[in-house]
Amino acid sequence: MKPAYKIAVSGASGLVGSALVPSLTADGHAVGRLVRAWPASGEHDVFWDPAHGKVDRERLEGLDAIVHLAGENIAAGRWTDARKELIRQSRVTGTRLLSESLARLQSRPKVLIAASAIGYYGNRGDDPVDESAPAGDDFLATVCKEWEAATEPAARAGIRVVNARLGIVLSPKGGALGKMLGPFRLGAGGRIGSGAQPMSWVALDDVIAAIHYALFNDSLSGPINVVAPNPVTNAEFTTILAKALKRPAFMTVPAFAIKAVFGEMGRALLLEGARVIPRKLLDAGFHFQYPTLDGALGPLLETSRSS
């Protein structure tokens, strides 16, 4: 039986965090949130203000684990120079502050699970990559490298650090699938550009399960790819989603339109990708509840109809 942990979660109001906190609580853990309101009102909450380098270290003392998910939404708008810097700072500065603070504690946590992303690999086309692959050289890859490097103070202090490289998290409540459901239900869905670009996806339930698994599996450290073991192309994703919704999907959004409307962000998020394999999770014995897209979409869409 797993012990009850004292756990703090940053980014607790996001797509992953809002599902993770009640899941951890239901398992009997004492869960607090990293919040920006002073003083932190929840019994286990921790005040932090990464933009000003502030964190209530006293409330970090004695925690068993930290799950760090906070970061600016990369798909919220065109990547101007200012927005790119905000994306970078929201990940790197906050992660470094938290890692350095944890390293200075008298009673340090056993594990820090820090979000990263499969953007680390850059645009790889159809060649499969696992955690041993080197980083890409585009904007997102550079951010991910700095983001993961910012956890090094915690690792040097003896804290087990897991860099969870998240893929495209599927949930009808938000993210990519949440945005796609409306057009597809109207029969206006379709592939983007050539449709050949890989989509390394993962069901939200499997993300939550992987985080639970990493909390208690001491063999897991460093980067782990949190993606389903069967990535698809954009064209395959389109076909499977349309079939699950019983709708046609004849539309095609041309690449030039994506680039014109969304610029660099559209190219990186919609027209490029990598076929990412969760090698370390599979080797550690993790079982995916939803290893295939057609098996995942049915339960996900049922959830969206009943909510």
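Derivation of every value follows stated rules applied to the coordinates shown; laboratory data play no part. Being a predicted model, the structure only gives us computed values, none of them experimental. FYI the Cβ positions are ideal-geometry reconstructions off the backbone, even for glycines, and counts take in every protein chain you see.
Using a Gaussian network for the chain with springs between C-alpha atoms less than 10 Å apart, which of these wobbles most: GLY136, GLY285, GLY174?
GLY285
Before anything else, pin down the relative contact order of the chain: Cα pairs under 8 Å, at least 6 apart, normalised by residue count, whole percent.
On the way: 601 pairs, mean separation 54.7, N = 307.
Rounded, it is 18 percent for the chain.
Within 10 Å, count the other beta carbons around each residue, average over each peptide in 37-45, 258-266, and list them highest first.
258-266, 37-45
Volume per residue, Å³, of the convex hull around the alpha-carbon atoms of the range 177-270?
115
Treating cross-link reach as a plain straight distance, find the lysines whose alpha-carbon is under 24 Å from the alpha-carbon of LYS243, omitting any fewer than eight places away in the same chain.
LYS173, LYS179
Give, rounded to the nearest 20 debye, the magnitude of the charge dipole that the range 6-300 has about its Cα centre when Lys and Arg contribute +1 at Cβ and Asp and Glu contribute -1 at Cβ.
Around 600 debye, computed over the range 6-300.
Go from 0 up to the bin containing the longest alpha carbon distance in the range 6-300, width 5 Å each, and give me the % of pairs per bin.
Calculated P(r), rounded to whole percents: 1, 5, 12, 16, 18, 17, 13, 9, 5, 3, 1, 0.
Among DSSP beta bridges whose residues both lie in the chain, state the antiparallel percentage, nearest 5. Please report the intermediate quantities before stating the final value.
Working: 5 of 40 bridges.
Restricted to the chain, the bridges split so that about 10 percent are antiparallel.
Loop only per DSSP, at most 16 neighbouring Cβ atoms within 10 Å: give me the trypsin sites (Lys or Arg not before Pro) in the range 13-98, ordered by residue number.
On the way: sites: ARG33, ARG36, LYS54, ARG57, ARG59, ARG78, ARG83, LYS84, ARG88, ARG91, ARG96; in loops: ARG36, ARG78.
Sparse-neighbourhood loop trypsin sites (Lys or Arg not before Pro): ARG36, ARG78.
Choose one answer from ALA51, ALA242, ALA210: the residue with the largest mean-square fluctuation in a GNM of the chain with alpha-carbon springs under 10 Å.
So, out of ALA51, ALA242, ALA210, the one fluctuating most is ALA51.
Convert each backbone phi in the range 249-264 into a coupling constant with the Karplus relation 6.51 cos²θ - 1.76 cosθ + 1.60 (shift: θ = phi - 60°), then list the ³J(HN,Hα) values in order as whole Hz, x for Gly and Pro.
Per-residue couplings from phi come out as 9, 8, 6, 9, 9, x, 4, 5, 6, 4, 5, 5, 7, 10, x, 4 Hz.
Measure out, as a whole number of angstrom, how far apart the alpha-carbon centroids of the range 199-272 and the range 50-123 sit.
Comparing the Cα centres of the range 199-272 and the range 50-123, I get a distance of 23 Å.
Just to be sure I understand: with springs between alpha-carbon atoms less than 10 Å apart, which residue in THR95, THR25, THR238 has the highest mean-square fluctuation in the Gaussian network model of the chain?
Highest fluctuation of the listed residues: THR25.
Once amide H atoms are placed 1.01 Å from N in the peptide plane, what residues at a sequence separation of 5 or more from VAL55, or on another chain, have their amide H within under 5 Å of its amide H?
Excluding prolines and chain starts, which carry no amide H, the hits are ASP49.
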